[in-house]
Amino acid sequence: MTVSELIVRYLQRLGIDTIFGMPGAHVLPIYDCLHDSGIASVLVKHEQGAAFMAGGYARVSHQPSACITTAGPGATNLITGIANAYAERLPVLAITGETSTYIFGKGGLQESSGEGGAIDQGALFASITRYHKLIERTDYLGQVLNQATQALLGREPGPVLLSIPYNVQKETVDASVLDAVHFPRRVSAPPSTPTAGLAALLRAAQSPVIIAGHGCIQAGARDIVAALSDRFNIPVATSLKAKGVVTEGTALSLGCLGVTSNGEAYRYMVEHADLLLFLGASFNERTSYLWDTQLLAGKKIAQVDCDAAQLGRVFQPDVAICGDIRTVMEEVYATLQADGTPPKSRGQLDDHKASAAAPAGSDSANQAFRLMQDFYRQLAQRFPHNALVFDDNIVFAQSGYDVSDRNHYFPNSGISSLGHAIPAAIGARCFAKDSPTFAILGDGGFQMCCMEIMTAVNYAIPLNIVVINNGTLSLIRKNQFQLYGERYIDCDFVNPDFGLLAQSFGVKHYRVETEADLDTLFARADLVGSINLIEILLDKHAFPRYLSAR
């Protein structure tokens, strides 16, 4: 068979059923083999969208995903999306074409071989992929695909780039090449150290707190974390990416920990906690309040992570366990159950909850953001389970959106690129075909990716695009207000008429200026089976109170 056909069969072996991309002359042999393969190909409007769609697919499916582009600018346009996949440890396979090997170094159109002064594509992607290869010969193709597979499916997955010259795509190879590819099975690793020390810390603590990170979701540990919390009255705070590990708004949930949150979890930890148990949480800048020492002061610290490099990276734990979070916590739970460890007292937690629930008043800040607060409240009520929410803004959702353990909230973390939410949500909906899907973003980020709405239209992919319309880059304007004496520059702009824009796309439009408009939206709009462009108007002069720059 040809190399192109073998690559398509390799995709099938990986379980990939959808590939996102844009064809060009240098990659058409592979596209031709996709034609009858059964793999659905999605034509994007910009290659960056292809990488973000593949990332969204991987985030929801927890499986490898793929994107494909031509050489030169097709490949370079992938960089931001692939960098985001690298930061998120998403198994995204990027396939790019390349000029034929016999014209390397001669100035071929869109050549990126690195020869003769051409762009060196491999160098561009070297630091944002787990593995990258320009495949110049077929005699080692099996080894290349094997390396790619280990990077995609290993314990620390990440993106892979395979660049295949045009003439190599058309060469013939034996089908047995695929037999050399080892597809590893994901097996939960046992803890590398005994769990008795962690159980002892939990047993002795009077006021422990669990800080659940995204590693809990990756490990499938939601159930055991919730069970441990319920059985022993241990409150749980989460990182932004882990919202919903335990259902928010419930008695033992402290909500989200982070600089843009309402501070409930922070206050409880500082004032009451004597043990902090970090489960798959990296304690990054947002979660740690810029590494505020008060959070950890005077407390015992335990950390469980499947990645040994995370242990002790930011703080020195009293107990550190490298292992599968679910396996470790099941063992700890069984130990505490067996020795009859009693539940912790709920007195301090209940008092804290009562204090936090006191009316916040009607100050101008609360009034300015009431529409967003009400939007997230109604979103949680209308879709208590099975919703996919891709959020580029995060500021309002961090504390205002109660995520259940059956919903899926995907903040724009990674490298926090604007223009992420719409294509990522499209990719996710290609996998989760029956899930109500929302892409929430500001009007600045919207104009970086709004062309992908037509991708959703072209393939009839239901999607709700929620645009926060305040005519400014809010974070920049806020910083210039707080730190630069209101010397505003390059933050304000004029938006298009979103109603006319929606009409041109052939999608429905809803403009939300009042709470009554919100009620109408949730009562009448088809938020499951149609494509909707929803704009929520905010005052650009109103800013959240947090300080985002050090």
Starting from residues that are free of Cβ contacts under 8 Å to residues at least 24 places away in the same chain, touching a strand residue (DSSP E or B) at 6+ places or on another chain (Cβ under 9 Å) and not aromatic (Phe, Trp, Tyr), keep the ones in the stretch 461-499 and report whichever is surrounded by the most Cβ atoms within 10 Å (Cβ to Cβ). Cys491
Of all residues in the stretch 370-412, count the ones that are surrounded by fewer than 22 Cβ atoms within 10 Å (Cβ to Cβ), polar (S, T, N, Q) and on the phi < 0 side of the Ramachandran plot. 6
If I filter the stretch 484-491 for residues that are aromatic (Phe, Trp, Tyr) and in a loop (DSSP other than H, G, I, E, B), do I get at least one hit? yes
Collect the residues in the stretch 51-76 that are surrounded by fewer than 22 Cβ atoms within 10 Å (Cβ to Cβ) and closer than 17 Å to Gly114 by Cα, keeping them in residue-number order. Pro73, Thr76
Of those in the stretch 143-170 that are touching a strand residue (DSSP E or B) at 6+ places or on another chain (Cβ under 7 Å) and either among the basic types (Lys, Arg) or part of a loop (DSSP other than H, G, I, E, B) (or both), the residue nearest to Val8 (Cα to Cα) is Lys170
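Residues are listed down the side, and each one gets a yes or a no for (1) acidic (Asp, Glu); (2) touching a Ser or Thr at 6+ places or on another chain (Cβ under 8 Å):
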| residue | (1), (2) |
| --- | --- |
| Lys106 | no, no |
| Ala118 | no, yes |
| Ile128 | no, no |
| His132 | no, yes |
| Asp139 | yes, no |
Residue hits (the stretch 247-280; buried (at least 24 other Cβ atoms within 10 Å of the Cβ), modelled with pLDDT of 90 or more and part of a loop (DSSP other than H, G, I, E, B)) are Ala273, Gly280
Residue check for Asp318: surrounded by fewer than 17 Cβ atoms within 10 Å (Cβ to Cβ), within 22 Å of Gly197 (Cα to Cα), modelled with pLDDT of 90 or more and touching a Leu at 6+ places or on another chain (Cβ under 8 Å): yes
Just name the residue that is farthest from Ala542 (Cα to Cα) out of those in the stretch 387-411 that are in contact with a His (Cβ under 8 Å, 6 or more places away or on another chain) and at pLDDT below 90. Arg406
Look through Ala83, Ala87, Ala75 and report the one residue that is in contact with a strand residue (DSSP E or B) (Cβ under 6 Å, 6 or more places away or on another chain) and not hydroxyl-bearing (Ser, Thr, Tyr). Ala75
So if I check each of Ile461, Ile465, Ile453, which one is under 27 Å from Ala380 (Cβ atoms), touching a helix residue (DSSP H, G or I) at 6+ places or on another chain (Cβ under 9 Å), part of a loop (DSSP other than H, G, I, E, B) and modelled with pLDDT of 95 or more? Ile461
Test Ala85 against the criterion of being over 20 Å from Ser4 (Cα atoms), assigned by TED's automatic domain parsing to the domain that holds Gln169 and buried (at least 24 other Cβ atoms within 10 Å of the Cβ), and give yes or no. yes
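The values are calculated or read from the model by the stated rules, or taken from the named source; none is laboratory data. These figures come from a predicted structure and were not determined experimentally. Virtual Cβ from ideal backbone geometry, glycine too; neighbours counted across all protein chains shown.
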